[in-house]
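Read through the structure below, which is laid out as structure tokens, and then see the notes.
The values are calculated or read from the model by the stated rules, or taken from the named source; none is laboratory data. The structure displayed is predicted, hence computed values, not measured ones. Every residue, glycine among them, receives a Cβ derived from its backbone with ideal geometry; neighbour counts consider all protein chains shown.
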Amino acid sequence: MQFSQDLSAINLDNTVILEYIRQEVPMQHFLLQLACLVVVLYVAISYNGEKKRQKIHIESKWFELLLTVSVFSIIFDGLSAYTVNNLDSVPAWLNTVAHIGYLIGLEALIFIMFLYMLHITDSFPRHWWSKLLLYGPFALVCILGVAFIGETEYRVGTLSNYAMGVSVYICFITAGLYLLFSLYKFVQGWKYIEKKKRYSIGLFIGAVIVVTGIKAVYTELLITAIAPTLFVLGIYINQENPILKELGNYQSEMIMGFATLVESRDDSTGGHVRRTSQYVELLTWGLRNKGYYRELLTKDYIHNLIMAAPMHDIGKISVPDDILQKPDKLDDEEFEKMKKHAPSGSKIIQDTFGHLSDEQYKDIAYQVTRYHHEKWNGKGYPEGLKGEEIPLCARIMAIADVFDAISEKRCYRDALPLDECFKIIEEGRGTSFDPILVDVFLELRPQVEEIYKDIKHAE
């Protein structure tokens, strides 16, 4: 008899505990989602505040859209968590609206994450039909989710109530597929993504996948809001903070100023590094837009090349003034000394920028500095590289450097007419320069002339 009484007491205690858990857990879920919302709102306010304070114009539409959708998603996530656990007191229409908003918000959130990955890896489709294939499935899933919301089942779990049914399955399955696509694009574009971005994106995609996986196994755990919060916070801290981008602009100006200071020793007009940087930018984007070297020419690569271009002649700091400023043609011995500026410059890059964490920038700066005098036919210096043995960034720099050198007055000669300058570049096709780069450069002649005229006018 005593045993039966004890057993009844235990069962009673378990019932009380479970009832307490069922009352407490939904509130904890709600508080978790509220905390996530506060974090995302803080990021949004900080992001916009820093943009206005620093007066920074930043093209980050996908991150801004991600912020907006995250707020929307978390709000409806929290609302649906409340309504599903208060079915006896909440109007049915409100519960339905909350779950429609939750499912569409979750789907949109994962889809925007996928679009952000396409943005980071420069993988956005260019043709209308490929864009239709990209956006069409998302729109269809949203329509189907709303259409089948009436078949949603609201189940009573051990810890909390939760929703299942056709709409939920459609949302979770497609969200999982988009996450896998995001992971695939990340892995595919790994080597073309800046090192600092690799780790941040990889870490937070991994976190989102883990949270989603836990939610799929333990359906009662209403923890979906953690995923966008981790992703948004990580991306903001490591990539999209306006202050970091402004510091990048300061770095660019410092590099340009240092390069201009070095350049001023050879009695040039003072605009060589700025002109060549603009020619490099024009040619690089021209190549990318025409589909050449597209895998390599990511936005990060182009940005780093433009940043590195002013440093291409930094090795001239080691060349004696009597050679650098000689008003006549250099003799063989003097020219051999002049040629040393390329390897000297690459050593300066190694010594000066070796501590930087951005491996891609260091590599490009080194290659541009060391190899921009190599020729397509293998008769350049310092190593006599041939064809595609020469890094692409150096081949681009070579055309920009030569064109500007012959189009400007130097201490040993007058500037050549632009027609003759373009003719020299054309004649160097397949001998001095990469044929593809020459063809694109000549096609861009109107823009090249515009850059030349604008900078000359500014001087």
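Go through segment 358-377 residue by residue and tally those that are of a type in the set (S, T, N, Q) and within 17 Å of Lys299 (Cβ to Cβ).
Number of matching residues: 1.
Go through Lys347, Lys337 for me and flag whichever is farther than 29 Å from Arg198 by Cβ, modelled with pLDDT of 75 or more and in a helix (DSSP H, G or I).
Lys337
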For this session: Determine whether segment 322-329 contains at least one residue that is part of a helix (DSSP H, G or I) and either at pLDDT 75 or above or assigned by TED's automatic domain parsing to the domain that holds Lys197 (or both).
Result: no
For this session: Can you give me the number of residues within segment 150-178 that are among the β-branched types (Val, Ile, Thr), assigned to a helix (DSSP H, G or I) and crowded, with 19+ Cβ neighbours inside 10 Å?
Result: 3
Problem set entry | Residue pairs meeting the criteria (Cβ under 6 Å; at least 6 apart or on separate chains; first farther than 15 Å from Ile364 by Cα, in segment 332-352; second among the small types (Gly, Ala, Ser) and outside any loop (DSSP other than H, G, I, E, B)) | His341/Gly315; Ser344/Gly315; Ser344/Ser318
For this session: Return a yes/no flag: does segment 113-133 have any residue that is crowded, with 20+ Cβ neighbours inside 10 Å and over 28 Å from the mean Cα position of the chain (by Cα).
Result: no
